[in-house]
Amino acid sequence: KNEVEQSPQNLTAQEGEFITINCSYSVGISALHWLQQHPGGGIVSLFMLSSGKKKHGRLIATINIQEKHSSLHITASHPRDSAVYICAVGSGSRLTFGEGTQLTVNP
Amino acid sequence: NAGVMQNPRHLVRRRGQEARLRCSPMKGHSHVYWYRQLPEEGLKFMVYLQKENIIDESGMPKERFSAEFPKEGPSILRIQQVVRGDSAAYFCASSPPQGYEQYFGPGTRLTVT
């Protein structure tokens, strides 16, 4: 079993839909990261959180430390949100990554 | 404030040659991390360095791979005698002395022919 599990692996949505991507982890962590990787390959850090909830524009990330679970939500999804979303957990400074969720938003 | 810079962005090497990948962290960041993404696979940690020190190299292959982060200049990931299985995207990230948020570079895509 991977230390970081994401679901779903693939997600297709229509523009405007509310999207949720889930991440569960099995190790103790100091922080959890959500990353976005575009088709060109570049990686952007969306959130780093160790408790509670963070919001940035249409993106919301939550974490439940007791349940070792995090969710990434996208409101009013848009085709430009199409990318791979990666959950990564940090123990000390080292990151362990999930396999990613491929999101496709159709117009 | 420029982001994390990596060069080259694309590198082609023949089997047996050496590959040198460079990473310049963000200004003020003294911690550098290297990650590898093999084709159709997720990201994997390779090594964590601070200036002039290797802190954690538990993800580095035992042979042919080395990394450094000198007092002056960029961090270097060096792969000697490359093989086809080394073809991958290599990402560098940096973080400030305090805190864990890592900022990623654009990656170097290594192709071994």
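No value in this document is a laboratory result; all are computed from the given coordinates. Since the model is a prediction, treat every value here as computed from it, not as a measurement. Using ideal geometry, Cβ is built from the backbone for each residue, glycine included, and neighbour counts are taken over all protein chains shown.
If you plug the beta carbon distance of residue A:20 and residue B:30 into 1/(1 + (r/R0)^6) with R0 = 30 Å, you get a FRET efficiency near 0.25. Using a simple spin-label model with pseudo-atoms 7 Å out from Cα toward Cβ, residue A:76 and residue B:66 lie 5.4 nm apart.
A straight Cα-to-Cα reach below 19 Å connects residue B:44 with the lysines A:1, B:62, residues fewer than 8 places away in its own chain not being considered. Since only B:89, A:12, A:29 are under comparison, the one whose Cα sits farthest along the positive direction of the charge dipole of the protein assembly as shown, derived from C-beta charges on Lys, Arg, Asp and Glu, is B:89. Sites listed here are chymotrypsin sites (Phe, Trp or Tyr not before Pro) in chain A whose DSSP assignment is loop and whose Cβ has at most 12 other Cβ atoms within 10 Å: A:18. Expressed to the nearest 5 percent, the antiparallel share of DSSP beta bridges inside chain B is 90 percent.
Partner shielding of B:101-113 amounts to 3, given as the average count of beta-carbon atoms from other chains within 10 Å of each residue beta-carbon. Shielding by partners for peptide A:93-103, expressed as the average number of C-beta atoms from other protein chains within 10 Å of each residue's C-beta, is 5. At a Förster distance of 30 Å, what's the computed FRET efficiency of residue A:91 paired with residue B:53, Cβ-Cβ distance as r, to 0.05? Efficiency at R0 = 30 Å is approximately 0.95. In this structure, residue A:53 and residue B:109 have a Cβ-Cβ separation that, at R0 = 30 Å, corresponds to a calculated FRET efficiency of about 0.25. In a DSSP loop and with at most 15 other Cβ atoms within 10 Å, the trypsin sites (Lys or Arg not before Pro) in segment B:1-82 are B:9, B:14, B:15, B:27, B:51, B:62, B:64, B:71.
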